[in-house]
Amino acid sequence: MILTLAILCTTLSTDDPAGDAIAREVHDLGRIAYSAVGPHGDWDLWIMRPDGTDRRQLTDTRDHNETGVRFSPDGKHILYYEQPVSEPVDNNTYGTYDLVIADSNGSNPVRLGRGLSWASWGPDSKTVSVLNPRGISIIEVPSRTLVQTIPRQGIVQQLVRSPDGRSLTGTANGLGPYWNVGILDMSSREIILASEAERYNCTPDWLPDARHVIYARGTIPERNERAQLWIAGPGGSDRRMVYAEAGRHIYGGASSPDGRYYLFTRSVEDLGKVDHARTTISLIRAGDTPMLGDDDPALKSQFPDAKSSRRLDLGPGWEPHWTAAEIEGTTTP
Amino acid sequence: MSRHTRYALLASIILVAAGCGGNPPPAGVPAGAVSSTPTAEDPKLQSLGTVEVNARLVEIPDGAIFERDLYHYAGILKYEVVDVHRGDLKPGDIIYVGHYDPWKPRAEAADRQVTEVGGNLTRFEPGQLHHMALETPLEDFYLGAVVDKYFGKRGGAAYWAAWTNAAD
């Protein structure tokens, strides 16, 4: 409770005119769900208005960590992963634990168990795509009825189906010497590179246009650079920096349902293992990008046209996801 | 007991033994390629994978093996086959093998994500002879990140190293 109140106070009184302006714009634009450490020290799912108000827990387990929450396209359900509290929450492995489907307010959870890695909703809100070594399966939930299997074409984690259902994106091998972000056409079964190939790239998600992905552009090996938020289309078309900050690694990029805002997380340390105290959620306007989060001279030189920071900080959290839907049972009476 | 359970149990036993310190290296065996178990008697080499070879590690490209706690990955390494115990390879063949977290001693490489890897090799060095149990294609047996410094330079499927012992 104390933690919740502290977060609420922080987000409601920002002393930040730019953040306050964004907060007023997004207040009524649905809900954001995310993972954060609750009062008992384990990771739970939380939900809030996009301005950070009306924040409450969706799950309240003590022996499990809940991660990777994603709303179904119709806003009626969520999927997430549940792992033993003894297992550290990790950016690269959370989607390999037990898949759970529930109502969007966290009620009626159905545990589907293991073997359904990196699940992502289909556009019908009735199926999910899941990843395993032998391919990508489309299954109905909660029945687990297999609908379709396609080759995974090197995708190894963070699988996300496009809003139109025609493509998948994910972190993939085989597109360069390291892991990259690829876009897999489900009809042709061809995968095309979206990110640059000569660095580590990961955590992709779709923009509402079902053509571009927003992702974390990681470091070139041995350089130890900070991960930045980028957008690209198939073949690297329209590839551009969205948000960069010298003092933070940027992961978990996601768009608002209308494409006008971008969500992401800022981490002091690179991920891997998610250090809650140093991983926070922020929100920016798409129209304000490219943006630099600080005054680093090297980044300014690299991105001379980037705007200065106009960001709404939403406090500690990780892997946020946004729905336009109003969620019953999550609004303060 | 399922095959998976059997492997996991054996791997656990090996990990416990490694955690207790194991035996000192035999005299004359170079550090970094130490075997505390006679290679020919290691049942894992005969039971794991569909291919079993002795192969010489041709080289280690720059950046193919690095230690970074954040990332678990398989590093692709180039081998020349010397002896074939199982499978369709022949001596002289060049193969590319993915080793999970190659900066770790093989006995410490298994984790929650990848349970069925191991062996007694403690460090990869060019020119070493390795006795390996392999699967192919790598993608069918490993769902994780790959560092492939041979990207665009090699053909054919890579192999997945299930078990790797020193054989020099």
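Tell me, yes or no, whether segment A:33-52 has at least one residue that is among the basic types (Lys, Arg), outside any strand (DSSP E or B), at pLDDT 95 or above and more than 26 Å from A:Leu168 (Cα to Cα). Yes - at least one qualifying residue is present in segment A:33-52. Tallying residues that are exposed (fewer than 15 other Cβ atoms within 10 Å of the Cβ), within 24 Å of A:Asp90 (Cα to Cα) and β-branched (Val, Ile, Thr) within segment A:128-174 yields 0. Only residues that are within 14 Å of chain B (Cβ to nearest Cβ), modelled with pLDDT of 95 or more and over 18 Å from the mean Cα position of the chain (by Cα) were counted in segment A:130-140, giving 3. Checked against the criteria, B:Asp101 does not count as acidic (Asp, Glu) and over 13 Å from the mean Cα position of the chain (by Cα).
Scanning segment A:177-206 for residues that are without any contact (Cβ under 8 Å) to a residue 40 or more places away in the chain, part of a loop (DSSP other than H, G, I, E, B) and out of contact with any Leu (no Cβ under 7 Å at 6 or more places or on another chain) yields A:Pro177, A:Trp179, A:Ser187, A:Ser188, A:Arg189, A:Glu190, A:Glu198, A:Arg199, A:Tyr200.
One residue stands out among those in segment A:141-160 that are away from chain B (no Cβ under 13 Å) and not in a strand (DSSP E or B): the one that is farthest from A:Gly113 (Cα to Cα), which is A:Thr145.
For (1) over 16 Å from the mean Cα position of the chain (by Cα); (2) acidic (Asp, Glu), each residue gets a yes or a no:
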| residue | (1), (2) |
| --- | --- |
| A:Asp74 | yes, yes |
| A:Tyr81 | no, no |
| A:Ala102 | yes, no |
| A:Arg111 | yes, no |
| A:Ser120 | no, no |
| A:Val128 | yes, no |
| A:Gln153 | yes, no |
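Looking only at residues in segment A:106-127 that are crowded, with 16+ Cβ neighbours inside 10 Å, part of a strand (DSSP E or B) and in contact with a Leu (Cβ under 9 Å, 6 or more places away or on another chain), the one that is farthest from the other protein chains (Cβ to nearest Cβ) is A:Trp121.
Taken over segment A:319-333, the criterion of being modelled with pLDDT of 95 or more and either assigned to a loop (DSSP other than H, G, I, E, B) or hydrophobic (A, V, I, L, M, F, W, C) (or both) is satisfied by A:Trp322, A:Ala324, A:Ala325. Based on this model, can you work out whether A:Asp98 counts as at pLDDT below 95, touching a Lys or Arg at 6+ places or on another chain (Cβ under 7 Å), surrounded by fewer than 24 Cβ atoms within 10 Å (Cβ to Cβ) and under 19 Å from B:Arg112 (Cβ atoms)? No; evaluated as a whole, the condition is false for this residue.
The values are calculated or read from the model by the stated rules, or taken from the named source; none is laboratory data. Note that the structure is a prediction, hence the values are computed from the model and not measured. In this analysis, Cβ positions are derived from the backbone assuming ideal geometry, glycine residues included, and neighbour counts consider all displayed protein chains.
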